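One structure is given here, and the rest of the page talks about it.
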Amino acid sequence: IETFGTLETTERFLSVPITVKKALTTFDNIKTMYDELSEAGVKNINFKLTGFANGGMYSTYPNRLKWMKEVGGKEGFEKVLGQAKDEGFGLYPDFDFMYISNKALFDGVNLRYAAARTIDNRYASKRVYDATWQEFVSYFELCVTPSIISEYYEKLTGAYKAYGPLGISVGTLGSDLNSDFGDRVPTNREDAKEVITKLFAEIEKDYGSVMTSGGNVYALAYTDHLLNASLDSSRFTTTSRSVP
């Protein structure tokens, strides 16, 4: 079950529009969901927590850890984690190390150091195909250079492991590979695969239980829960068989 944390919305205060963060799901809601499902006989549940830390659904890069107060804060996470340990359900806060979706002031991320570059030395951004426009579009998520991901992961895991967690979700780490044509540490996709594979081994060692999305083959040995696995090939070329 994927649950969503906080989302920015607009409210009016003395007729002035202000931006506030609202909780879509709180830690208490997760406890309630498990209690009701458990009473109905459904107990083999794993919760993916998306947008519960570092700014919510549109989060800053996970090189630090701050639970959103709107969903219950640090105390709320500790409480639901305790229940998860006692009653045996999974809890997987999601952190996406592949992209920078929200660059905040003083967030500890230097774009000149962390952002991957295109071959003409621009910042590389994530692009997805939009069926409406019939072209690839960007939502201004910058690609992180593979050479720096492990360094940022160490900063996060130092804070997260202090809770004694049951697992971690690592977003698109299992599905996406970013190359970097910058002159600092040039990295092709094969180099990136080696870096990410080593990082997966480290994450699996740190947490024991890992959740990811997509599932490139190098990630499978270290992943317990795989989301959004393709059921067919892309059919971009002529093939005789589809895998899986």
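State whether the range 25-103 is rounded, prolate or oblate according to the following rule on the C-alpha gyration tensor (a ≥ b ≥ c being the square roots of its eigenvalues): a/c under 1.5 gives rounded; otherwise a/b larger than b/c gives prolate, and the remaining case gives oblate. Verdict is prolate for the range 25-103.
With Cα atoms defining each centre, the range 152-193 and the range 1-47 are spaced 27 Å apart in the structure.
Of all DSSP beta bridges confined to the chain, the antiparallel ones make up roughly 60%. Treating each Cα of the range 112-160 as an identical point scatterer and ignoring solvent, apply the Debye formula and state log10 I(q)/I(0) at q = 0.17, 0.18, 0.26 Å⁻¹. Evaluating at q = 0.17, 0.18, 0.26 Å⁻¹ gives log10 I(q)/I(0) of -0.65, -0.69, -0.94. Just tell me which lysines come within less than 22 Å, Cα to Cα, of Lys22; anything on the same chain fewer than 8 places away is out. Partners within reach: Lys31, Lys48, Lys66, Lys69, Lys74, Lys79, Lys103.
Nearest 0.05, what FRET efficiency do Glu11 and Val128 give at R0 = 41 Å with Cβ-Cβ as r? Efficiency at R0 = 41 Å is approximately 0.85. Relative to its residue count, the range 136-206 spans a Cα convex hull of 117 Å³ per residue.
For the chain, the relative contact order works out to 15 percent when only alpha carbon pairs closer than 8 Å and six or more residues apart are counted.
Local charge for Glu75 was computed over the other residues whose Cβ lies under 14 Å away, with Lys and Arg +1 and Asp and Glu -1, and equals +2. Based on the Kirkwood approach, the hydrodynamic radius assigned to the range 85-182 is 15.4 Å, with every pair of different Cα atoms included.
A 1.4 Å probe over all protein chains sorts Val170, Val137 by accessible area into Val137, Val170, starting with the largest. Measuring max minus min along each principal axis, the C-alpha atoms of the range 1-63 give extents of 48, 31, 12 Å (largest first). Compared with the rule-of-thumb size 2.2 N^0.38 Å for a compact globular protein, the range 9-142 has a Cα radius of gyration ratio of 1.33.
The fraction of Cα-Cα pairs per 5 angstrom bin, counted from 0 for the range 121-244, comes to 2, 9, 16, 19, 20, 17, 10, 5, 2, 0 percent, rounded to whole percents.
The eigenvalues of the Cα gyration tensor, multiplied by 5 and square-rooted, give the chain an equivalent ellipsoid with semi-axes of 30, 24, 20 Å from largest to smallest. Helix content alone sets the calculated 222 nm mean residue ellipticity of the chain: runs of n ≥ 4 DSSP H residues at -39500 (n - 2.57) each, divided across all residues, give -9000 deg cm²/dmol. Note on the chain: with a GNM built from Cα contacts shorter than 10 Å, the maximum mean-square fluctuation among Gly51, Gly215, Gly158 falls on Gly158.
With a cut-off of 15 Å between beta carbons, the residues surrounding Tyr58 carry a summed charge of -1, where Lys and Arg count +1 and Asp and Glu -1.
In a Gaussian network model over the chain where Cα atoms closer than 10 Å are linked, find which of Ala23, Ala114, Ala104 has the largest mean-square fluctuation. Of Ala23, Ala114, Ala104, the Gaussian network model singles out Ala104 as fluctuating most.
Here the average projected area of the convex hull drawn through the C-alpha atoms of the range 85-139 stands at 7.5 nm².
The values are calculated or read from the model by the stated rules, or taken from the named source; none is laboratory data. Bear in mind that the values here come from a model prediction, so they are computed numbers and not experimental data. FYI the Cβ positions are ideal-geometry reconstructions off the backbone, even for glycines, and counts take in every protein chain you see. Keep in mind that these areas ignore ligands, DNA and RNA; they rest on the heavy atoms of the full protein, side chains included. Shrake-Rupley method; radii C 1.70, N 1.55, O 1.52, S 1.80 Å.
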